[in-house]
Amino acid sequence: MKLLDKAWQDWIQRNIERGCLQADMLGVMLKAGILESTARFNLATFSNGTTTASSPTDSASDLLGYRQEASYLFQHENTLVTRDGQIMQVVFRLDAPDIVVLDNFMTGAECDALCAQSASTLSKSKVIDDKTGASIAHDARSSQGTYFSLGQTPLVQTIEARISEITDTPVVNGEGIQILNYVDGGEYRPHFDYFPDKDGGRVHTAKGGQRIITVIMYLNDVAAGGATIFPNINLNIYPKKGSALYFSYFNSTGQVDPATLHGGAPVLAGEKWIATKWIREREYR
Ligand code: PD2
Ligand code: ZN
């Protein structure tokens, strides 16, 4: 997120001290042409802790050394309606790490179509080698996967527009949607989605910067197992067809949140299909 210049930072602090309402200040900032996401972010950051947004003191993120910044996403309504008319419900939120689950992010028909359009191009999933940045096969990841390029099909465009809207990030900051299929004990052992601060990571951050947000969309119901697990905070999110898991892990100082360590637990019965969208700091092309 973009920090505003010193004059705006001082203006925010001065007006908070004078007792101005943040809603009024937001109005002034929007009229001045500041993007809403940037305005809210700066209001939360420069209001001397007087913001009503989250500022936990003993979260896993804090204990692991990540400074959680207030997020305004998903704070206000329980039901979201995206511009294309999809009605979704916020059914879970955690402030630090910043995790939200939305029900009905996609329709059943969209989930089925995405799986059908991917089935013929699946190949063994790989992981990134920390040292070289190369993609390599590894026991830690036993799924089959494929990618769509940005905007590849009308359905992909619809989903990408929805993701852009709920995350308040430009479509062009997203990597292409990845589809994963797990069967028979298939899993993805705990890892971070952000790139390591090592040579192998820098190969990837050179374009588009760091990954900052992940959205995992569950494309089917799984008979047993297959939860997305966050071992540092003992959280398990179970797949539910059409629902989406959102988590973010990057702050304005460039820190990444180690409490977002996560994995895909083994699928014990049936199969699991997901779509993953990773979002970068900047345009990714
Ligand atoms: O399949 C999952 O639940 C899962 C778990 C961890 C997917 C990813 N990471 C991912 O696609 O990054
Ligand atoms: Zn992951």
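FYI, it's all coordinate maths here, none of it is from the lab. Fair warning: this is a prediction, and the values are worked out from it, not measured in the lab. Note that we place each Cβ from the backbone using ideal geometry, even for glycine, and neighbour counts take in every protein chain shown.
Computed over the alpha-carbon atoms, region 199-280 gives an Rg to Rh ratio of 1.03, Rh here being the Kirkwood radius from the mean inverse distance.
The simple spin-label model puts a point 7 Å past each Cα toward its Cβ; for ALA134 and LEU64 those points are separated by 2.9 nm. In this calculation the C-beta distance from GLU271 to GLN89 is compared with R0 = 35 Å, giving a FRET efficiency of 0.85. Using equal-weight Cα scatterers in the Debye expression, the normalised intensity of region 94-229 in log10 at q = 0.20 Å⁻¹ is -1.62.
A viscosity of 1.002 mPa s and a temperature of 20 °C, combined with the Kirkwood radius over Cα pairs in Stokes-Einstein, give a translational diffusion coefficient for the chain of 108 µm²/s.
Listed values for region 107-112 are Karplus-derived 3J(HN,Hα) couplings in whole Hz (6.51 cos²θ - 1.76 cosθ + 1.60, θ = phi - 60°), namely 7, x, 5, 5, 4, 4, and x replaces Gly and Pro.
Charge dipole of the chain (Cα centre as origin; +1 on each Lys and Arg Cβ, -1 on each Asp and Glu Cβ, all else neutral): 480 debye, rounded to the nearest 20. In plain terms, the chain from LYS198 to TYR147 could stretch by 15.8 nm, reckoned as 0.36 nm per residue minus the Cα-Cα distance.
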